[in-house]
Amino acid sequence: MANKVQLDEVTVRFAGDSGDGMQLTGMQFTDTTALMGNDLSTLPDFPAEIRAPAGTLYGVSGFQLHFSSFDIHTPGDSPDVLVAMNPAALKVNLDELKPGGMIIVNSDDFDEKNLKLANYKSNPLEDGSLAGYEVHALPLSKMTLEALKDLGLPVKDAERCKNFFALGLLYWIYNRKMEPTIEWLKTKFAKKPLILEANLRALKAGYHFGETTEVFTTRYEVKPAKLKPGKYRNISGNEATALGLVAASKKSGLPLFLGSYPITPASTILHQLAGYKNYGVRTFQAEDEIAGICAAIGASFAGALGVTSTSGPGVALKTEAIGLAVMVELPLVICDIQRGGPSTGLPTKTEQADLLQALYGRNSEAPVPVLAAATPGDCFYTVYEACRIALKYMTPVFFLSDGYLANGAEPWLIPNSKDLPEIKVRFRTDPNGFYPYLRDENTLARPWAIPGTPGLEHRIGGLEKQHITGNVNYEPENHELMVKLRAEKVARIAQEIPPTRIYGQPEGDLLVVGWGSTFGSILTAVERCQAEGLLVSNVHLRYLNPLPPDLGNILKRFNKVLLPEMNLGQLAKVLRAEYLVPIISFSKVQGLPFTPGEIEKKIKELLKG
């Protein structure tokens, strides 16, 4: 019988060809782990090609999962376990595996052809190059075929089930229950009984192989994490974004309209919202990006909560329409799920390089509020806040997420709707004293008068409007006044931004500033350094335009300010210009998120200097 060892945290990475089902395997392991009460964080990493050439280095698809018995913020620094389905998957991922880590490989795929495709000059399973690891070379393909031999499936189809054999084995090693995956398979393949039976058999065969073989002498247990009481679900960033939009729609009492064009990694927002027709949601898959946003502006004009979702290349196409939304002063939420660029770039990889595009990427003076989510679950709250601001201030608002948040997942405490901030909407109905650009004294928002309201007929469009009357106007002084009013309206949002939270002391040697998906890695790195007695603190920004009113004073209380970003220093450039503080930029543009270890190392370098 295997020994049982208790661990506080484990990081597992599944890797194989893009057709090996590694994303599915990782998601099933994630869902099961969430149901067992562990805290977790995931990092799916896959190529853009639907089916990249088999066995090649660039065709490797990976899924990393970090789970624990305590609160965690990232998918982990380095894997403890690597499951590699072929030589390419081993080669791509080996350098990141912890020394002494466990490697489980499908030895059946380590043939001459696949070794050559992976640029191996000799077989790493035989040449001693893996001596520093715990290697288990297992014939996963053959064992899967043996388990399914009497089902009559073609060999190619039967072999595809090897990912579930590997999953079953990992379930046994880490003491996970198979039932959640069994129930998922029964639902998924309810109309394909042969495929269902094949996957069930492979899953159970993998589990029982672990139980009966003498290869593995140890099983591991990670106890449930002590999380805040409540009802949780496992959620990805795009799922949370969709739910946040629905929540804002219900809270405001407005129907939700999403005008969108499919683009990675934003498309699943459209998919998710299409399933909520019974909640007053209407989704429109337009013929292109421009049509998508223009339809959303039209829906907003008609009194709906207008939203469009896209990624960086789509924002470029929507640029003129965003300017139109600024000019007509209608509420609109633009969800930009950032990816590697420019142009088509790295469609499935993450990046934070659309910040300057969101802040300034329009002709003329066209200010737009910009908010960024920090975690997959925070996408719900941030996009909800974006909707609230858009409706209150009658303005387009950028919601920034990225591929890492969109596809990553974590346990999410389901909020009570009564705890969400109120979203009040007031349509103008009284024609007495009505002028389309007569502004609210506090917010400078113009009245929202929907078409068909008697006595409130008015003109909107891209041409400049006269202050108060809304008539088309070319007077120089009026244009300058309207430019300043639109800028002042966005600037006044700062009056609602809460005090910036400082993780650590309010002053000290070093402040690490972050925004967006760097939150988990920065916080983990800072906590590690604080545990060693270093005077380092952290602030993380949700509001990027306008910036928090107290930020300037906070920055000046620290000797040094470090800003890690997945771009070449875009927010650093903004903060230097705004506050004249010598921000130290720390960039990474590799299509992958920062690890806590990378930021921890940089912090210590700066504090030594």
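The values are calculated or read from the model by the stated rules, or taken from the named source; none is laboratory data. Because the structure is a prediction, the values reported are computed rather than measured. Virtual Cβ from ideal backbone geometry, glycine too; neighbours counted across all protein chains shown. The protein model used for the area step is the full one, side chains on, heavy atoms only, and it has no ligands, DNA or RNA in it. Shrake-Rupley method; radii C 1.70, N 1.55, O 1.52, S 1.80 Å.
Largest first, how would MET27, MET143 line up by accessible area (1.4 Å probe)?
The most accessible residue leads, giving MET27, MET143.
Please give the length that would be gained between GLU527 and LYS277 if that part of the chain were fully extended, namely 0.36 nm times their separation in residues minus their C-alpha to C-alpha distance (nm, one decimal).
Full extension from GLU527 to LYS277 adds 85.6 nm.
With charges only on Cβ, +1 for K and R and -1 for D and E, what is the dipole size of the chain about its Cα centre, in debye, rounded to 20? Write down the numbers at each step before the final one.
Details: 62 positive and 66 negative charges, 221 e Å.
I would put it at about 1060 debye.
Which loop-located GluC sites (Glu not before Pro) does segment 80-131 contain, where loop means any DSSP state but H, G, I, E or B and the Cβ has at most 15 other Cβ atoms within 10 Å?
The qualifying sites are GLU126.
What's the ranking of 224-237, 262-275 by average number of surrounding C-beta atoms within 10 Å, highest first?
Numbers: 224-237: 15.8, 262-275: 20.4.
The densest-packed peptide leads the list: 262-275, 224-237.
Which whole-number value in Å³ per residue fits the convex hull of the alpha carbons of segment 533-609?
That works out to 109 Å³ per residue.
Between GLU183 and ASP430, what is the FRET efficiency for a Förster distance of 45 Å, r being their Cβ-Cβ separation, to the nearest 0.05?
With a Förster radius of 45 Å, E is 0.20.
If I model a spin label as a point 7 Å beyond the Cα along the Cα-Cβ vector, how far apart are those points for GLU365 and LEU194 in nm?
Going by the 7 Å Cα→Cβ label model, 7.0 nm.
Can you give the translational diffusion coefficient of segment 228-280 in µm²/s, computed by Stokes-Einstein from the Kirkwood radius over Cα pairs at 37 °C and 0.692 mPa s?
Rounded to a whole number, D works out at 271 µm²/s.
Take every Cα-Cα pair in segment 73-140 and report what % of them are more than 16 Å apart.
Of all Cα-Cα pairs in segment 73-140, 43 percent lie more than 16 Å apart.
Segment 466-609: percent of C-alpha pairs farther apart than 22 Å? Please list the in-between numbers first.
Numbers: 4689 of 10296 pairs.
Result: 46 percent of Cα pairs exceed 22 Å.
By a straight-distance test (C-alpha under 17 Å), which lysines pair with LYS162 as possible cross-link partners, with residues fewer than eight away in the same chain excluded?
Partners found: LYS142, LYS149, LYS204.
Contour minus end-to-end for ILE290 and ASN553, with contour as 0.36 nm per residue of separation and end-to-end as the Cα-Cα distance? Before the final figure, lay out each step's value.
On the way: separation 263, 0.36 × 263 = 94.68 nm, distance 4.09 nm.
Difference between extended and current length: 90.6 nm.
Name the long-range amide H neighbours of ILE337: under 5 Å, sequence gap of 5 or more, or other chain; modelled H, no Pro or chain starts.
Close amide H contacts, sequence-distant or interchain: THR310, SER311, SER401.
Largest first, what is the accessible-area ranking of HIS479, HIS467, HIS66 with a 1.4 Å probe?
HIS479, HIS467, HIS66
Per residue, how much accessible area does the chain have with a 1.4 Å probe, in Å²?
Here the residues of the chain average 43 Å² of exposed surface.
Over the Cα atoms of segment 396-462, what radius of gyration and what Dmax do you get, in Å?
18.8, 52
So, by mean Cβ neighbours within 10 angstrom, what's the order for 4-10, 538-544 with the highest one leading?
Top of the packing list down: 538-544, 4-10.
LYS231: which aspartates and glutamates have alpha carbons under 18 Å from its alpha carbon, excluding same-chain residues fewer than 8 sequence positions away?
ASP31, ASP39, ASP71, GLU239, ASP378, GLU410, ASP419
What list of whole percents do you get for P(r) of segment 196-258, with Cα-Cα distances grouped in 10 Å bins up to the one holding the largest distance?
Result, from short to long distances: 15, 20, 22, 23, 14, 6, 0 percent.
Beyond 19 Å, how much of the Cα-Cα pair distribution for segment 385-512 remains, as a whole percent?
Considering segment 385-512, 66 percent of its Cα-Cα pairs are separated by more than 19 Å.
Please sort by residue number the GluC sites (Glu not before Pro) in segment 350-395 whose DSSP state is loop and whose Cβ has at most 16 other Cβ atoms within 10 Å.
GLU365
Please report Rg over Rh for segment 202-313, where both radii come from the alpha carbon positions and Rh follows the Kirkwood definition.
1.25
Report the one residue of GLY533, VAL589, PRO548 whose Cα lies farthest in the direction of the positive end of the charge dipole of segment 488-609 (charges on C-beta: Lys and Arg +1, Asp and Glu -1; origin at the Cα centre).
With unit charges placed on the Cβ atoms, the residue in question is VAL589.
Express the Stokes-Einstein translational diffusion coefficient of segment 346-428 in µm² s⁻¹, to the nearest whole number, given a Kirkwood radius over alpha-carbon pairs, 4 °C and a viscosity of 1.567 mPa s.
Here the translational diffusion coefficient equals 89 µm²/s.
So, taking all protein chains as they sit and a 1.4 Å probe, how much accessible area belongs to CYS161, in Å² rounded to tens?
Spelled out: CYS161, probe radius 1.4 Å, area about 10 Å².
Under the Kirkwood approximation for Rh and a Cα-based Rg, what ratio Rg/Rh is obtained for the chain?
Radius of gyration relative to Kirkwood radius: 1.01.
What lysines could a cross-link reach from LYS588, if we take a straight Cα to Cα line under 24 Å and drop same-chain neighbours fewer than 8 places away?
Within reach: LYS91, LYS98, LYS349, LYS560, LYS573, LYS601, LYS602, LYS604, LYS608.
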